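Right, one structure below, let's go through it.
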Amino acid sequence: MLSGDRAGMHGLVVKRRSRIMTCLVVRAGGSRVFPHWKALFAELMPELEVREWDDPTLDPAHIDYALVWQPEPGRLAAMPNLRAILSVAAGVEHVVCDPSWSRSIPLIRMGEEQTRGQMADYVLWAVLSLLRDAPRWQAGQAAGQWVRRERAPLLSSDMQVGVMGLGSLGEVVARRLAAAGFGVLGWSRSEHRIDDVRCFWGESQRAAFVAECHVLVCLLPETEQTRGLITYELLGQLRQPSGLVNVARGPIVVEADLLRALEDGVLHGAVLDVFDHEPLPPESPLWHAPRVMITPHIASEASRPVRARQVVQTIRALERGEPVPLRYDPARGY
Ligand code: NDP
C-alpha cells in the first residue's frame, strides 16, 4: 500500500512506498464470533489487520477490505479507500440493496467446494423427500395418525427435476440429481451444456422447461428479473405430482401464490429453506401450510475456517492484481 509524499530529485512530488498492514473490517456474526474470525485470519494471513465493524476507534479511510453480512446502508460508501467487498454469503442482495456503494468496487460472493457439496446434499434430500411424500408422513407422525398414501410412489427415474439457475451451485446440484437417477432439466439466462441434463435458457424457453418438470429447484439469485418469478400460474404448469424446493431467496417465490397452490392441491409439496422475512415469523401461515417442510436457511453454510480461507485467497489474488472468481457483475445484477 502506498502512503506519504516526499519531494523527489527533480522537485516533483512522488509517492513514498511505506508498507503498512492491509486492513479488513468484519461484520459477520456479531461481536460474539469476531474473536474467532480474528484468530482464523491471524493464522492464515498474519500480515492482515482485522478490525471489528463497530469499533469506534476505526477510521473508515483506513479500511481496505470489508467482509460483510447486511451492512447498514451508507457504511460501505463512507469507506473512501475500500478495495473490495467480500460477502460472507453466496448471495449479495444484502449489499446490493444499498444504492450508495460504488459499483466499481469489486463485490465478491462466497462459494467454494464445501458450499457446493452441502447444497447438493440438501437438494438431494429435499427432492427424495418430495418423491417419497415425507411432508405428509411428518404431519401424520406429529398428529399421531397412521394415514397411508392413495397412490403408488413414482420412481426417481420417472421424476423430472428442473433446476432453475445453473451457476456455481445449480450445476453441481443438477449433476448430483442426475447421478442419483432423476431425470434432470436445467434453466439459466445463457446457454449451458451439462452431461445428462437437458438445458433450457432464456425467457423464451422458460414455459417449455417448466411444463416438463415435476419438481422445481430454485437456485436463482435474487435480482429485479427473478423477484416474484415463481407464481401460482407457473406452479400450475408443473407436471403432477408437483413440488417446489426453494433454496435460493424467499422473494423469488410469491408467498401468497405458494400458499394458495398448496392449499388447493395445485402443488403437491414443498421444501423451503428461505423466506421473505427471516427468521420466519411465528405468525407466518407457512408454518402450518399443508405438505410443507421448513428449514431455517441452513441448506448450505460453509464453516468459518473455510470462509476465512476463501477470504484470504481472494485478498491475496486481488493484491496481486489477478482476477477472482464469483465477482458480482453490476450489468447482470448477480
Ligand atoms: P450464480 O450467480 O453462480 O448462478 C446463478 C444462475 O442463475 C446462473 O446460471 C444464471 O444464468 C441464472 N440466472 C440469473 N438470472 C436469471 C434469469 N433472469 N433467468 C434465468 N436464469 C437466471 O449463483 P450461485 O449458484 O452461486 O447461487 C445461487 C443462489 O443460491 C444465491 O444467489 C443465493 O441466493 C442462494 N444460496 C442459498 C444458500 C442457502 O443456504 N439457502 C446458500 C448459498 C446460496 P447464467 O448461467 O446464464 O448466468
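If A139 satisfies every condition in (1) more than 16 Å from the ligand (Cβ to nearest atom); (2) assigned to a loop (DSSP other than H, G, I, E, B) but one, which is the exception?
The single condition A139 does not satisfy is (2).
Could you list all residues from the stretch 181-224 that are acidic (D, E) and either under 17 Å from R239 (Cβ atoms) or surrounded by 12 or more Cβ atoms within 10 Å (Cβ to Cβ) (or both)? Spell out the reasoning first.
Initially, the stretch 181-224 is screened for residues acidic (D, E), giving 191, 195-196, 203, 212, 222, 224.
If the condition is that a residue be acidic (D, E) and either under 17 Å from R239 (Cβ atoms) or surrounded by 12 or more Cβ atoms within 10 Å (Cβ to Cβ) (or both), then D196, E212, E222 are the ones that fit.
Among the residues of the stretch 289-322, what is the count of those that are under 17 Å from R103 (Cα atoms) and modelled with pLDDT under 95? Give the derivation first.
Of all residues in the stretch 289-322, those under 17 Å from R103 (Cα atoms) come to 318.
Filter once more, keeping what is modelled with pLDDT under 95: none.
Residues flagged as under 17 Å from R103 (Cα atoms) and modelled with pLDDT under 95 within the stretch 289-322 amount to 0.
Which pairs turn up if I take residues in the stretch 215-236 that are at pLDDT 95 or above and look for partners that are part of a loop (DSSP other than H, G, I, E, B) and more than 6 Å from the ligand (Cβ to nearest atom) with beta carbon separation below 6 Å, at least 6 apart in sequence or on another chain?
T223/G333; G228/V254; T231/V254; L235/V266; L235/L267; G236/V266
Having 1 or more residues that are at pLDDT below 95 and not acidic (D, E) is the bar; report the strands (runs of 3 or more DSSP E) wholly within the stretch 1-115 that clear it.
Numbers: elements: 2-7, 13-17, 22-27, 48-52, 65-68, 84-87.
In the stretch 1-115, the matching strands (runs of 3 or more DSSP E) lie at 2-7, 13-17.
Only residues that are over 20 Å from H268 (Cα atoms) and in a loop (DSSP other than H, G, I, E, B): list them for the stretch 202-214, please.
Applying the first criterion (over 20 Å from H268 (Cα atoms)) to the stretch 202-214 yields 202-206, 208.
Matches in the stretch 202-214: G202 only.
Per-residue answers, yes or no, for (1) farther than 20 Å from E212 by Cα; (2) of a type outside the set (D, E, K, R); (3) crowded, with 18+ Cβ neighbours inside 10 Å:
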| residue | (1), (2), (3) |
| --- | --- |
| A134 | yes, yes, no |
| G140 | yes, yes, no |
| R148 | yes, no, no |
| A152 | yes, yes, no |
| G167 | yes, yes, yes |
| A174 | no, yes, yes |
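What are the residues in the stretch 157-201 that are assigned to a loop (DSSP other than H, G, I, E, B) and within 15 Å of the ligand (Cβ to nearest atom), if any? First the steps, then the outcome.
Residues of the stretch 157-201 assigned to a loop (DSSP other than H, G, I, E, B): 159, 165-169, 180-182, 189-193, 195-196.
Within the stretch 157-201, G165, L166, G167, S168, L169, R189, S190, E191, H192, R193 meet the criteria.
So which of E212, E233, E150 ends up being more than 12 Å from the ligand (Cβ to nearest atom), in contact with a Leu (Cβ under 8 Å, 6 or more places away or on another chain) and of a type in the set (D, E)? Show your work before the answer.
Details: E233 fails: in contact with a Leu (Cβ under 8 Å, 6 or more places away or on another chain); E150 fails: in contact with a Leu (Cβ under 8 Å, 6 or more places away or on another chain).
Among E212, E233, E150, only E212 is more than 12 Å from the ligand (Cβ to nearest atom), in contact with a Leu (Cβ under 8 Å, 6 or more places away or on another chain) and of a type in the set (D, E).
Can you tell me which of L326, L272 is at pLDDT 95 or above, hydrophobic (A, V, I, L, M, F, W, C), touching a strand residue (DSSP E or B) at 6+ places or on another chain (Cβ under 6 Å) and over 19 Å from R227 (Cβ atoms)? Show your work before the answer.
Working: L272 fails: over 19 Å from R227 (Cβ atoms).
Going through L326, L272 in turn, the sole match is L326.
The values are calculated or read from the model by the stated rules, or taken from the named source; none is laboratory data. The structure displayed is predicted, hence computed values, not measured ones. Cβ: placed from backbone, ideal geometry, glycine included. Neighbour counts: every protein chain shown.
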